[in-house]
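Structure record follows, encoded as structure tokens.
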Amino acid sequence: MGTSPEAHEKPAEQVEVLQALTRVLAGVALRSMDTLHGAVTLPQYRMLSVLAEDAPARSSAVARALGLDASSVTRLADRLVAAGYVTRGSDPGHRSVVTLQLTPGGKQLVNRVQGWRQAELTRILSRLTPRDRTLVTTTLRQVVNAAGEGYGLALGPPLPL
């Protein structure tokens, strides 16, 4: 019984494949922004994405999720409020706390990008055999689990090697 060619791959070759996958996924993410025809910038879209996951959200929580300082979040929010994609509010229990929430227009932008990404990833996966799709899904789920819960959802300092 022979071993598969993958069993002889060196760690550097395995990492290179993951780096290539990262480039593909980053390409999908960046190309999806074209569906917005310049309506928002990438940093603004990132804020919309955070708000789509957790809204209304305190501006301080948005800043943490984006790895930005409060003044940067305020400037991003100002532009998104002016464009009609976000509304500001306050926490009834703490009037000094600013909350942010998507408007229907903001939700529509996020849904458009997410829909395009889903369609593009489906197109890419459809080029694989059903068996390979299952194998890829199982393996990538293991990679996601190995990275740890929440990895990639919030920015943080690089982890020490």
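The values are calculated or read from the model by the stated rules, or taken from the named source; none is laboratory data. Keep in mind it's a predicted model, so treat the numbers as computed, not measured. All Cβ positions, glycine included, derive from the backbone under ideal geometry; neighbour counts span all protein chains shown.
General remarks:
- Among residues of the range 52-64, those that are under 15 Å from GLN101 (Cα atoms), in a helix (DSSP H, G or I) and either out of contact with any Gly (no Cβ under 9 Å at 6 or more places or on another chain) or not aliphatic (A, V, I, L, M) (or both), counted: 6
- Cβ pairs under 8 Å, 6+ apart, first in the range 57-78 and free of Cβ contacts under 8 Å to residues at least 60 places away in the same chain and at negative phi, second surrounded by fewer than 17 Cβ atoms within 10 Å (Cβ to Cβ) and among the acidic types (Asp, Glu): ARG58/ASP91; ALA61/ASP54; ALA63/ASP69
- Of everything listed in (1) more than 15 Å from TYR45 (Cβ to Cβ); (2) surrounded by 13 or more Cβ atoms within 10 Å (Cβ to Cβ), the single unmet condition for ARG117 is (1).
Yes/no per residue for (1) within 23 Å of ASP69 (Cα to Cα); (2) among the aliphatic types (A, V, I, L, M); (3) modelled with pLDDT under 95:
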| residue | (1), (2), (3) |
| --- | --- |
| GLN108 | no, no, no |
| ALA146 | no, yes, yes |
| TYR151 | yes, no, yes |
| GLY156 | yes, no, yes |
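- Checking VAL40 against (1) within 22 Å of LEU30 (Cα to Cα); (2) part of a helix (DSSP H, G or I); (3) hydrophobic (A, V, I, L, M, F, W, C); (4) at pLDDT 90 or above, the condition it does not meet: (2)
- Lone unmet requirement of (1) outside any helix (DSSP H, G or I); (2) within 20 Å of THR41 (Cα to Cα); (3) over 19 Å from the mean Cα position of the chain (by Cα) for LEU100: (3)
- Matching entry among ARG79, ARG112, ARG88 (being touching a helix residue (DSSP H, G or I) at 6+ places or on another chain (Cβ under 9 Å), surrounded by 13 or more Cβ atoms within 10 Å (Cβ to Cβ), in a strand (DSSP E or B) and at pLDDT 90 or above): ARG88
- Exclusive hit being surrounded by fewer than 16 Cβ atoms within 10 Å (Cβ to Cβ) and either touching a strand residue (DSSP E or B) at 6+ places or on another chain (Cβ under 6 Å) or part of a helix (DSSP H, G or I) (or both), set SER71, SER49, SER32: SER71
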